[in-house]
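Have a look at the structure below, then the notes.
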Amino acid sequence: MEEIITAFDYPYAWRALAASVMVGLMCGALGCFIVLRNMSMVGDALSHAILPGVVVAFMVVGGYSALGFFLGSVAAGLVTAVLITWIQQKVATKNDAAIGIVFTTMFALGVMGISWLSKNEHAHIDLKDFLFGNVLGVSDSDLVLTGMICLYVLASLYVFYRPLFATTFQPVIAETMGVNTKLVHYFLMLLLSFAVVAALQTVGVILVVAMLITPAATGLLLSRRLPKVIMIASLVGVLAAVFGLAIAFAFKTTPGPAMAVMASFLYGLAVFFAPERGLVFRFYRKRTRERRIEIEDVIKQGARLEQNGAMTIDGLVEKTVLPKGVVTSRLKTLAKRGLVTLQPLAMTNLGKLEAFKLVRAHRLYETFLVDRLGLSEDQIHDEAERYEHLLTDELLDEIDQELGYPETDPHGSPIPKRG
Amino acid sequence: MDKSEPMANQDQYAIQVEALNVSYDRKRVLSAVYLNLKPGLVYGLLGPNGAGKSTLFKAILDLIDVDTGRVLINGGSVQDIRKEVVYVPQRDDVDLSFPATVYDVVRMGRFPHVSLMQRLGKADKLAINEALEKLGISHLRDRQIGQLSGGQQQRVFLARAMAQQADIWFLDEPFVGVDATTEARIMTLLHDLANQGRTVIVIHHDLSTVRNYFDQVILMNQRIVAYGKTSEIFTDEKVAETYGSQTSIQHRTNLLG
């Protein structure tokens, strides 16, 4: 904690924070469109492929300049996007292979160029800064450039939201509405190049894609509406940047990777705890459903046992094939709902009614399977055992009517009447 | 089809297709297609699988490159009147996990009507709500599209088309995976549109409903076999000619009685 606070005595820490927040914000928002268009790997490719642009800019300017750096990278990004699209459309090479070929070539050229520059031209550039970022080395002019890029990207997403939405969701429809889908594609590639250049200093080329896709994937788990997805993704991007930087200060480690790890951590939280689509929620829902089925089995078997004598816990355990503990616990729930009494163990009238309903569902569905779907008698029991818990009253009434109110099921057992 | 009609009458046609040829990978898909379609009618576009029905739609909508031929919509190029033309593609092309609600999708119908810097106005919102109402999906407006049944999804895409208030409608198999209630509702809607003077063309598969559904039919199998009034064109003979001698089809045509 102390390391974090003392770090902020120095202006470089503030510049690092400002740059990271802006990158997190912009990459999070832009990443939503990249992910939804299945272009995550294109994002990765573009970030790797800007290296030769940097080298060329360095040679032309004869040293480092924020603007040269920016223009070189964007040019390289666009060349990559055009090349990838060209191969995908004109050459019989698979889409992801095309991406792989183009970006490894560009990246390799960039790495060769940079090592050549630093050895022969004695330039002060370090390959490691490009690969993993050097957010602590952000200068004032870098910060201004990042700020402008961030503003431009966010404003573009806002202004072009409708064409972006339409071309991402249904490109064909967008085209029939007069949207130039190709133009939108390349414009998005341009924005992506911008974002990659800005993110280069904070997280480096290898991890840029983490800032693009991880927050977006998190947003997509948490909301079903695009504007909200974008807001969540931007927030996750910002949080990842801030906490990543803090972790880097606290543990004296590299900020870029810390941000990527932080983004993945937030994604992990969403995977488990997202409402509706989170694993915890889904497990809970499954558990609730299983419990309901157990409860319904207990009451059905209980009614049957009582008809043939008396309902006992041992009898229930035998009939439902559930452990004794589960049976007693389900009985308690049933007692609370007034469907059984525990002392003595017996069905209430309400409980009997409930059991009738289940038997009706089971036998009606069996009849339906034989009569309408032509299944044989020995195929239907397990199926009906599952569906008796799922069929609603309305649906059962319709099945009953459809079948012409049958008296007995395929096994010859009577079907209870409604109510 | 009467090619000797005077030029002055061209304006009466909603859609004119002349000498259209389309191929994919040097394989001919459409050959010498000529069509003159009048407004105010519901057309059924019929033909076996691979007859080029969807391709014809795409060619008319200028979504694919054609070898030769010319398409006029309301006497002009489709590029100039995009918002007057609406396309409802087959439902299986849609990414149902996309983070969009029913309202978001129907709202798209207004996109051609507003420029980039404009917001959607009162008239747009009215059109959206009317479309939702007309298709009976107002109560679903906040549902994500993947949470709907097939019939409900199709209603959403039709509501979007409706919101666009287009003059000419292209529907590619709108009844696939759709419940009977929705199918009937869609048909009523399409005839309402035609009665308002709009043009509706539907790619259709179920030959048993053709007579009840369409004012006119277009029979095609890579070329146009025949088109015109359903009562005149939709005969056993012509249907057999269109579908060839596939036994399953003969069985189906026999059902027509």
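Given the criteria part of a helix (DSSP H, G or I) and within 14 Å of another protein chain (Cβ to nearest Cβ), does A:Ile173 qualify? So that I can check it myself, show each step before the final result.
On the way: part of a helix (DSSP H, G or I): yes; within 14 Å of another protein chain (Cβ to nearest Cβ): yes.
Yes; evaluated as a whole, the condition is true for this residue.
For segment A:200-312, please list each of the helices (runs of 4 or more DSSP H) lying entirely inside it that holds at least 2 residues being at pLDDT below 95 and closer than 15 Å to A:Val21 by Cα.
A:208-222, A:226-251, A:255-273
Pairs only if they're at least six apart or on different chains, beta carbon under 7 angstrom, first in segment A:313-333 and closer than 13 Å to A:Asp297 by Cα, second among the acidic types (Asp, Glu); list them, first residue then second.
A:Thr320/A:Asp297; A:Leu322/A:Glu294; A:Val326/A:Glu294; A:Arg330/A:Glu294
Please work out if A:Lys332 is over 24 Å from A:Asp382 (Cβ atoms), within 40 Å of the chain's Cα centre (by Cα) and of a type outside the set (A, V, I, L, M).
Values: over 24 Å from A:Asp382 (Cβ atoms): yes; within 40 Å of the chain's Cα centre (by Cα): yes; of a type outside the set (A, V, I, L, M): yes.
Yes.
How many of the residues in segment B:91-109 are modelled with pLDDT of 90 or more and under 25 Å from B:Thr199 (Cα atoms)?
5
In segment B:157-213, how many are farther than 25 Å from A:Phe169 by Cβ, more than 14 Å from the chain's Cα centre (by Cα) and of a type outside the set (Asp, Glu)?
Qualifying residue count for the region: 13.
If I filter segment A:195-205 for residues that are more than 14 Å from chain B (Cβ to nearest Cβ), β-branched (Val, Ile, Thr) and in contact with a His (Cβ under 6 Å, 6 or more places away or on another chain), do I get at least one hit?
Taking every residue of segment A:195-205 in turn, at least one turns out to be more than 14 Å from chain B (Cβ to nearest Cβ), β-branched (Val, Ile, Thr) and in contact with a His (Cβ under 6 Å, 6 or more places away or on another chain).
Does A:Ala155 meet the test of being under 19 Å from A:Val197 (Cα atoms), part of a helix (DSSP H, G or I) and within 14 Å of another protein chain (Cβ to nearest Cβ)?
For A:Ala155, the condition - under 19 Å from A:Val197 (Cα atoms), part of a helix (DSSP H, G or I) and within 14 Å of another protein chain (Cβ to nearest Cβ) - is met.
What pairs come out if I take residues in segment B:214-233 that are among the hydroxyl-bearing types (Ser, Thr, Tyr) and pair them with residues that are crowded, with 18+ Cβ neighbours inside 10 Å and not in a helix (DSSP H, G or I) whose C-beta lies under 7 Å away, six or more apart or interchain?
These pairs meet every condition: B:Tyr227/B:Leu35; B:Tyr227/B:Gln216; B:Tyr227/B:Val217; B:Tyr227/B:Ile218; B:Tyr227/B:Leu219; B:Thr230/B:Phe214; B:Thr230/B:Gln216; B:Thr230/B:Val217.
Scan segment B:100-138 for residues that are more than 22 Å from the chain's Cα centre (by Cα), assigned to a helix (DSSP H, G or I) and aliphatic (A, V, I, L, M) and jot them down.
Passing the criteria: B:Ala123, B:Leu126.
Name the one entry in A:Phe130, A:Phe107 that is modelled with pLDDT under 90 and in a helix (DSSP H, G or I).
Just a single option satisfies the conditions, and that option is A:Phe130.
Listed residues A:Gly63, A:Gly72; which is closer than 21 Å to A:Val138 by Cα, assigned to a loop (DSSP other than H, G, I, E, B), among the small types (Gly, Ala, Ser) and over 30 Å from the mean Cα position of the chain (by Cα)?
Exactly one residue qualifies, and that residue is A:Gly63.
What pairs come out if I take residues in segment A:337-360 that are free of Cβ contacts under 8 Å to residues at least 40 places away in the same chain and farther than 19 Å from A:Leu390 by Cβ and pair them with residues that are part of a strand (DSSP E or B) and of a type outside the set (Val, Ile, Thr) whose C-beta lies under 9 Å away, six or more apart or interchain?
A:Thr341/A:Met347
Is it true that some residue in segment A:59-73 is surrounded by fewer than 24 Cβ atoms within 10 Å (Cβ to Cβ), polar (S, T, N, Q) and touching a residue at least 40 places away in the same chain (Cβ under 8 Å)?
no
When A:Phe368 is evaluated against the numbered criteria (1) modelled with pLDDT under 85; (2) more than 23 Å from A:Glu306 (Cβ to Cβ); (3) not β-branched (Val, Ile, Thr), which criterion, by number, is the only one it fails?
Answer for A:Phe368: the failing condition is (1).
Would a scan of segment A:161-169 turn up a residue that is at pLDDT 90 or above, outside any helix (DSSP H, G or I) and within 30 Å of B:Leu171 (Cβ to Cβ)? Walk me through it before giving the result.
Here is the first cut: in segment A:161-169, the residues at pLDDT 90 or above are A:161-169.
Cutting the leftovers down to outside any helix (DSSP H, G or I) gives us none.
No, the conditions are met nowhere in segment A:161-169.
From the residues in segment A:382-407 that are outside any helix (DSSP H, G or I) and touching a residue at least 24 places away in the same chain (Cβ under 8 Å), which one is nearest to A:Glu366 (Cα to Cα)?
Only one residue fits best here, namely A:Glu388.
This table checks each residue for (1) away from chain A (no Cβ under 12 Å); (2) out of contact with any helix residue (DSSP H, G or I) (no Cβ under 6 Å at 6 or more places or on another chain); (3) surrounded by 21 or more Cβ atoms within 10 Å (Cβ to Cβ).
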position	(1), (2), (3)
B:Glu84	no, yes, no
B:Ser97	no, no, no
B:Thr101	no, yes, no
B:Val105	no, no, yes
B:Arg110	no, no, yes
B:Lys122	yes, yes, no
B:Asn129	yes, yes, no
B:Leu135	yes, no, yes
B:Ala166	no, no, yes
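The values are calculated or read from the model by the stated rules, or taken from the named source; none is laboratory data. All values reported here derive from a predicted model rather than from experimental measurement. We place every Cβ from the backbone using ideal geometry, glycine too, and count neighbours over all the protein chains shown.
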